[in-house]
Amino acid sequence: LALIAIPCGKSLPVPNGDKLWRRFIDSKAYWTWDDDLKRWIPNRHYLRFDPELSVFWNRHLTLHGLGPESVLDGDPRFTVVGELDVSDLRKERHVGDLYDLYFPVSHSPNDLSEIGCAHCSVYWPPTAIPEGAEIPTKDNQKRLQTEMARRFSWVHGAPPRDKPNGS
Amino acid sequence: VSSASSLTQTVATAALAGVVALAGTNLEAQGPVDAFKQHYTTRNESISDDVLANIAGMVSIPTRVSRFPDLDRTRSDSRWQKYVYQRILELRNGEDDFTELPRPAPLVTDRAWQVATRVLRPDTPTPSVVPSDEGNVVFVWHKARWDLEIEVGPEEATVWAHNQNTGEMFSGSLDVQLEKVSSLLDFLAWH
């Protein structure tokens with residue numbers, strides 16, 4: 001019934017409070033230790049915007065009866081699924097000491113994979129883009145990617161356990 | 001003639017003395033190096049439409065690959081050395097997953113180790129060591145509300161630092177920012 005109400009292939013608004021899923025590789029190259037949070041966060045270099053960051057909309061996958069493991073897309077190299085709260089990305093609100101980010105999020109279905117109908121795009125915050133430019137400065141890109149990395153939680157699998165000795 | 005003959009005799013005697021002296025030591029006289037034996041020759045596949053293709057179609061490749069230095073195990077007081085060395089070695093040997101991030105070239109991993117031993121002090125907290133999306137090696141700290149990255153590429157090392165409390169940022173060439181980086185690493189060592 002829900003699939004009839006929300007047909008695949010049509011772009012729909014992504015409400016605040018919904019979740020976005022992205023797959024990760026459980027290998028040291030993809031994680032950096034955050035000694036303040038006492039946990040691993042994604043290596044920001046894996047959060048590439050070209051020109052947008054690809055993620056998948058949990059609500060749409062759930063309508064298909066799929067869970068977070070579906071974004072692994074059957075590729076055994078990917079074993080971890082991270083989750084972002086849409087509100088944390090774009091809503092004007094403070095999350096503890098974290099900065100406001102203002103990342104626009106939109107539903108951008110494609111047919112590149114079986115779950116392409118749940119594809120969403122995260123874009124650079126317009127407020128971070130200098131006048132006359134198309135993307136933020138490199139320094140600001142690094143800041144925004146790092147802030148985003150800190151907001152991931154894990155809904156399938158887990159990053160490495162042991163922190164770097166001496167960190 | 002007599003004088004010239006005497007001079008020749010003196011030089012010959014001195015030369016002989018030198019040989020005898022050398023023979024009494026463990027020094028080995030090194031013959032000329034055959035540079036060609038240290039390379040092998042192969043077709044240069046990268047040359048295609050180049051005007052030199054016909055005359056420079058072969059290229060010499062070193063037969064010996066540069067070796068990564070052994071870990072100086074005498075530095076047992078270092079917080080970071082063992083972990084960083086191991087991670088750089090893993091990146092160098094391709095013992096990681098490079099599906100989504102490029103594997104750094106040996107030149108880059110070797111430079112990363114040089115930068116680490118030059119910039120980090122024994123009490124510096126251990127950084128994460130990861131590849132960048134450009135195939136560089138990055139040392140990363142998220143600690144005491146600071147984000148610090150030292151990124152080592154084939155030609156230069158750069159730094160980016162960000163204070164989460166104040167929003168302060170600094171970045172640029174590591175050489176230019178070395179003083180600030182050293183101060184920040186000192187700060188992180190005590191937090």
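Just so you know, all these numbers are worked out from the coordinates, no wet-lab data involved. This is a predicted model, so every value here is computed, not measured. Backbone-built Cβ (ideal geometry, glycine too); neighbour counts: all protein chains shown.
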Spin-label proximity, B:TRP190 to segment B:105-146 - amide N less than 19 Å from point 7 Å beyond Cα toward beta carbon: B:120-126, B:143-146
Protection-proxy order for peptides B:162-173, A:125-136, each taking the mean of Cβ atoms within 10 Å per residue, highest first: B:162-173, A:125-136
Helical mean residue ellipticity (222 nm; -39500 (n - 2.57) per DSSP H run of 4+; nearest 500) of chain A: -4000 deg cm²/dmol
Hits among lysines - C-alpha to C-alpha of B:LYS180 under 20 Å, sequence gap 8 or more where chains match: A:LYS138, A:LYS142, B:LYS143
Paramagnetic reach from A:SER153 (point 7 Å along Cα→Cβ, amide N under 15 Å) across segment A:70-90: A:81-89
Derived scalar couplings ³J(HN,Hα) [segment A:157-164; Karplus, 6.51 cos²θ - 1.76 cosθ + 1.60; whole Hz; x for Gly, Pro]: x, 7, x, x, 8, 6, 7, x
B:GLU156/A:SER87 FRET efficiency (R0 56 Å; Cβ-Cβ; nearest 0.05): 0.90
Residue order, fewest to most surrounding Cβ atoms within 10 angstrom, among B:ARG121, A:ARG59: B:ARG121, A:ARG59
Nonlocal amide H pairs with B:TRP146, under 5 Å, H built at 1.01 Å: B:GLN164
Residue order, fewest to most beta carbons within 10 Å, for A:LYS28, A:LYS163: A:LYS163, A:LYS28
